[in-house]
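Notes to accompany the following structure.
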Amino acid sequence: MDDIKAVFDCSIIPQSKKLSNKQRTQNRNRKTRDVDDLRDPDRQPMHLATRIQGVLVKPAVRLAGRDVALHSLDGGDEQEVDETGDDAQAHEISINQRVAKIYEQFCFDVIEKAPNRKSKQDGSYLSIPLHRRIDLARPELLMTPALPFQQAQHYKCSTEQWEKHFNRIFPVPSSPEAVQNAAGQNFPNCTYYKSYMRLCSTLQALSLTKIRDALKVEFDRLAWVPYTCSDRMWGTSAKHTKGWTVLPSGAKGGPMVAINPRQRRRVTLLIFDQAGEEGAIDSERED
């Protein structure tokens with residue numbers, strides 16, 4: 001009996017599985033976390049460089065039962081704002097805060113969706129330690145040409161190419177870019193993107209232009225963004241065509257990064273020591 005038990009026990013012992021590297025990002029099908037849930041609620045709110053004015057938003061109305069018909073007959077699907085009263089001022093503040101939050105969330109989502117290496121044991125391409133990503137994933141990180149990766153590929157964009165990436169990141173609803181994003185990777189699971197598209201769905205064409213113009217001003221201040229593809233935010237395939245530079249020299253593949261055509265500073269890699277302490281930074285020169 002003991003021999004039979006021993007054989008049985010051995011047969012049900014599962015084979016050991018290698019655990020995934022904890023430094024990997026959850027960038028596949030998981031929705032990115034909301035920065036409001038991660039950061040101090042009393043933090044200084046972000047402000048856009050451009051003040052958005054004259055935008056009317058149709059509020060989302062959710063009614064049930066017989067009141068729905070009465071509400072529609074009374075014109076309840078739209079709400080006009082008193083342009084001369086306190087309502088207009090409060091509305092303007094609300095719009096500016098919403099767009100600023102979308103932009104703050106975008107910068108966070110860029111890091112939240114950053115690519116991992118192929119092997120689950122190898123971790124993320126990010127050089128930022130896990131415990132510092134929430135704090136550092138801000139616009140300021142994308143405004144410096146020190147890329148927060150252990151290795152990366154970057155391309156200096158033309159003005160037209162830079163515009164193309166903006167149109168993928170903040171598309172006009174129903175545009176080819178928006179249609180491609182909906183069927184692709186990364187974008188559908190980005191919190192910023194969901195909030196942006198939800199806001200866009202309530203705007204008239206002129207108001208949408210004002211929102212996107214304000215976002216474009218912020219976008220043009222960045223030194224780099226993901227080199228977006230038609231089906232995803234981040235790509236990692238090795239690039240061998242003219243114009244691409246790989247860091248460190250000799251590496252193959254890595255996150256594809258678009259460099260702002262207005263960017264004149266040398267592109268480097270941002271490296272942290274094991275403790276991830278502030279100031280423990282080194283720069284990797286390109287060829």
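The values are calculated or read from the model by the stated rules, or taken from the named source; none is laboratory data. These numbers come from a predicted model, not from an experiment. Using ideal geometry, Cβ is built from the backbone for each residue, glycine included, and neighbour counts are taken over all protein chains shown. Note: accessible area is taken over every heavy atom of the protein model, side chains too, but ligands, DNA and RNA are not part of it. Shrake-Rupley method; radii C 1.70, N 1.55, O 1.52, S 1.80 Å.
Net charge near Ser175, counting Lys/Arg +1 and Asp/Glu -1 over other residues with Cβ under 14 Å of its Cβ? With Lys, Arg at +1 and Asp, Glu at -1, the net is +1.
Exceedance of the 19 Å cut-off in Cα-Cα distance is limited, within the set Lys31/Lys113; Lys118/Lys239; Lys113/Lys210; Lys31/Lys252, to Lys113/Lys210; Lys31/Lys252. Estimated at the nearest 10 Å², the accessible area of Glu112 is 30 Å² with a 1.4 Å probe. For the range 171-269, the direction-averaged projected area of the alpha-carbon convex hull comes to 7.6 nm².
Near Pro188: Cβ cut-off under 10 Å, other residues only, Lys/Arg at +1 and Asp/Glu at -1. The net charge is +2.
In terms of the mean number of neighbouring beta-carbon atoms within 10 Å, the peptides 246-253, 189-196, 96-103 order highest first as 189-196, 96-103, 246-253.
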